[in-house]
Each structure stands twice: as structure tokens, then as C-alpha cells.
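Okay, structure first, notes after.
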Amino acid sequence: MLQVIDIVEGTSVDGPGLRTSVYFAGCKHKCIGCHNPQSWSFDAGKAMSIDEVMSVIRENDFNVTLSGGDPMYSALEIGKLCQRIKEELHKNIWCYTGFLWEDIVGIPEYMCIIKNIDVLVDGPFMLNRRDTSLCFRGSGNQRIIDVKKSMECNRPIVLDY
């Protein structure tokens with residue numbers, strides 16, 4: 001089961017184009033100034049099966065963004081969701097995390113998500129680096145990473161948005 005706080009259908013703020021954004025419960029980063037502190041609790045929201053989440057994604061037929069909380073704290077289950085999205089729906093997937101690419105790439109627990117997503121937005125929100133002019137992220141330290149190219153090059157390849 002996945003602990004889901006909200007599913008926002010047809011949003012354009014969590015990646016390019018209209019997307020279905022799934023907000024998962026649970027985050028230990030607890031960034032000062034976080035726009036979603038209600039997501040910190042791992043018990044927030046409601047339990048949903050992968051089939052239930054897939055049904056909403058399928059119905060909307062948009063690309064997908066995974067956020068939270070931090071999806072990496074539920075990597076094994078969310079990894080299964082990512083695999084199904086790719087195999088069944090062939091959607092572009094973005095994922096937001098407070099972890100840095102360098103700290104999670106290659107770790108099997110996290111790779112179940114990383115191997116099935118297209119873009120990772122990494123790094124904690126930093127209030128002292130807040131920048132409302134940035135696209136798809138809240139602070140200047142956060143990077144928008146092309147996952148496939150980064151895996152091929154063995155270093156983070158940052159996209160320019």
C-alpha cells in the first residue's frame with residue numbers, strides 16, 4: 001500500500017505540460033519553509049493500492065510527477081508504481097526528493113525508483129536560497145536531473161529549465 005496525501009490532476013507546476021502529481025506521505029528532511037509540511041507525517045493522507053493510484057493516472061492520461069513528502073522514503077513500493085507506469089502507460093515520470101543524486105544513485109533501495117523515472121529534482125528546499133523565478137523548484141540548490149543521461153555518464157546531467 002502507498003500512503004497518499006493527494007493526487008492533483010492536470011497540474012502544470014510540477015514539471016512541463018499537464019501532469020498528474022501524486023503527493024506521498026513521509027519526510028524526514030523537514031526543510032524550514034517547506035510548502036507541504038503536512039506531508040512530513042508518514043501516517044498522513046490515506047492508504048491506496050498501486051491499482052487505485054494507477055486508475056487515477058490512467059484516467060487522466062497525463063505524464064506523472066511523484067512528490068511528497070519524499071518518495072524515496074517509500075522507495076520499494078513507489079518503485080513498483082513507477083515500473084507499472086512505464087510498462088503499462090509509457091508516461092514521462094518526474095520525481096522530487098530532498099536527497100542528493102550523489103547520495104542515492106546506485107543504492108538498490110532507491111534504484112527501483114530511479115531506473116523507472118525520467119527526471120529527478122534533487123536537493124532539500126533551502127529557505128535562504130528560495131527563488132520564485134525558478135521553474136519547477138523552490139530553491140537555487142535544487143537540480144533538475146536527466147536520469148537516463150546521468151546514468152550513462154555516471155554523473156548528474158542537469159537540465160536547463
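Couple of notes before you dig in:
- Area accessible to solvent at Ser133, 1.4 Å probe radius, in Å²: 90 Å²
- Only Lys, Arg, Asp and Glu carry charge here, each on its Cβ (+1 for the first two, -1 for the last two); on that basis the chain has a dipole of about 340 debye about its Cα centre.
- In this rough spin-label picture, where each label sits 7 Å from Cα along the Cβ direction, the Met111-Asp146 distance is 2.3 nm.
- Accessible surface of Asp103 - all protein chains present, 1.4 Å probe, nearest 10 Å²: 90 Å²
- Rg and Dmax, both from the Cα atoms of region 70-161 and both in Å, are 13.0, 41.
- Taking all protein chains together, Cys112, Cys153 sort by accessible area into Cys153, Cys112, largest first [probe 1.4 Å].
- Where trypsin sites (Lys or Arg not before Pro) in DSSP loops with at most 15 other Cβ within 10 Å are excluded, longest remaining stretch of the chain: 31-114
- Shape call, the chain: gyration tensor on alpha carbons, a/c limit 1.5: rounded
- Computed over protein heavy atoms with a 1.4 Å probe, the accessible surface of region 1-154 works out to 48 Å² per residue.
- For the chain, the share of accessible area belonging to carbon and sulfur comes to 51 percent (1.4 Å probe, ligands and nucleic acids excluded).
- The DSSP beta bridges internal to region 1-121 are antiparallel in roughly 45% of cases.
- Phe99 accessible area, assembled protein chains, probe 1.4 Å, Å²: 40 Å²
- Lysine pairs in the chain with Cα atoms under 25 Å, if 8 or more residues apart or on separate chains: 19
The values are calculated or read from the model by the stated rules, or taken from the named source; none is laboratory data. Every value quoted in this text rests on a predicted model; they were computed, and no experiment measured them. Using ideal geometry, Cβ is built from the backbone for each residue, glycine included, and neighbour counts are taken over all protein chains shown. Areas reflect the complete protein model, heavy atoms only, side chains present, ligands, DNA and RNA absent. Shrake-Rupley method; radii C 1.70, N 1.55, O 1.52, S 1.80 Å.
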